[in-house]
1. Filter the stretch 139-150 down to the residues that are farther than 16 Å from L70 by Cα and not basic (K, R) and list them by number.
2. Considering only residues that are touching a residue at least 40 places away in the same chain (Cβ under 8 Å), outside any loop (DSSP other than H, G, I, E, B) and among the charged types (D, E, K, R), which ones fall in the stretch 10-63?
3. Please go through the stretch 14-41 and pick out each residue that is farther than 19 Å from T135 by Cα and surrounded by fewer than 21 Cβ atoms within 10 Å (Cβ to Cβ).
4. Every residue in the stretch 116-128 that is more than 17 Å from the chain's Cα centre (by Cα) and more than 12 Å from A71 (Cβ to Cβ), please.
5. Working carefully through the options E136, E92, E84, find the one that is within 13 Å of V68 (Cα to Cα) and surrounded by 12 or more Cβ atoms within 10 Å (Cβ to Cβ).
6. Assess whether S17 counts as being touching a Leu at 6+ places or on another chain (Cβ under 6 Å) and not basic (K, R).
Amino acid sequence: MISGQPQQQVVCDVFVSYSSANRQKAETVFKDLSDSGLQVWFDRRRIRPGDNVRDAINSGLDSSRAIVLLASQASLRSPWVLKELDAAMCREIHEQRTILIALLMGSIKNSDLPADIRGKSYIDLRGGFQRRYATERMHLINAVRALLVPVDHGRNVIPMGDQAIRHIMGYKYMALSEAREVPDGRNRGQSAPG
């Protein structure tokens, strides 16, 4: 294929969004996600010389099922990262599911976070990236994997880990709700008309 021509779109598990100021940390995250068996869209590996950078990033965002954002003061000042964050939020609204996992890094304050991130649960790596990341690494990998499990209540999907617990608890709740109904649609606590 001639460089500069569009690449065939490859579905990836996760897109890593970061500022070049955080490249080393992003490479650590990329390596761990890749080593765990996930297909990772990482600009340094996916954009070839001659490719249109904006088109390649848009394709990567569209073809990735999850997005990990390394949120730092530098990344939240980067027009590229802010556009990637906006694309993730638009997809969450359109697909009605969680897409973005934010990793907070450096000395960024909660008040400095965009509202889209402030309203989400995030992985806090502030105050010593290497030490904090070492303890949160598996949490990140499992969080990404949980986002990849399709939510299809019409099929028998056997979930694993945290997803299995949520599945079992949901089944138990549905079973209890159904047990309260009698065939004519009344609740068991109601008496039949005399």
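1. Once the filter is applied, which keeps residues that are farther than 16 Å from L70 by Cα and not basic (K, R), the stretch 139-150 yields N142, A146, L147, L148, V149, P150.
2. Result: D13, K25, D32, D55, D62.
3. S19, S20, A21, R23, G37, L38, Q39
4. Of the stretch 116-128, the ones more than 17 Å from the chain's Cα centre (by Cα) are 126-128.
Scanning the stretch 116-128 gives G127, G128.
5. Selected residue: E84, the only one of E136, E92, E84 that is within 13 Å of V68 (Cα to Cα) and surrounded by 12 or more Cβ atoms within 10 Å (Cβ to Cβ).
6. yes
Residues are listed down the side, and each one gets a yes or a no for (1) out of contact with any helix residue (DSSP H, G or I) (no Cβ under 8 Å at 6 or more places or on another chain); (2) β-branched (V, I, T); (3) modelled with pLDDT under 95:
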{"position": "D55", "(1), (2), (3)": "yes, no, yes"}
{"position": "S72", "(1), (2), (3)": "no, no, no"}
{"position": "L103", "(1), (2), (3)": "no, no, no"}
{"position": "P114", "(1), (2), (3)": "no, no, yes"}
{"position": "I123", "(1), (2), (3)": "no, yes, no"}
{"position": "M138", "(1), (2), (3)": "yes, no, no"}
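The values are calculated or read from the model by the stated rules, or taken from the named source; none is laboratory data. Note that the structure is predicted; figures quoted are calculated from it, not measured. Neighbour counts are summed over all protein chains in view; Cβ atoms, including those assigned to glycine, are modelled from backbone coordinates with ideal geometry.
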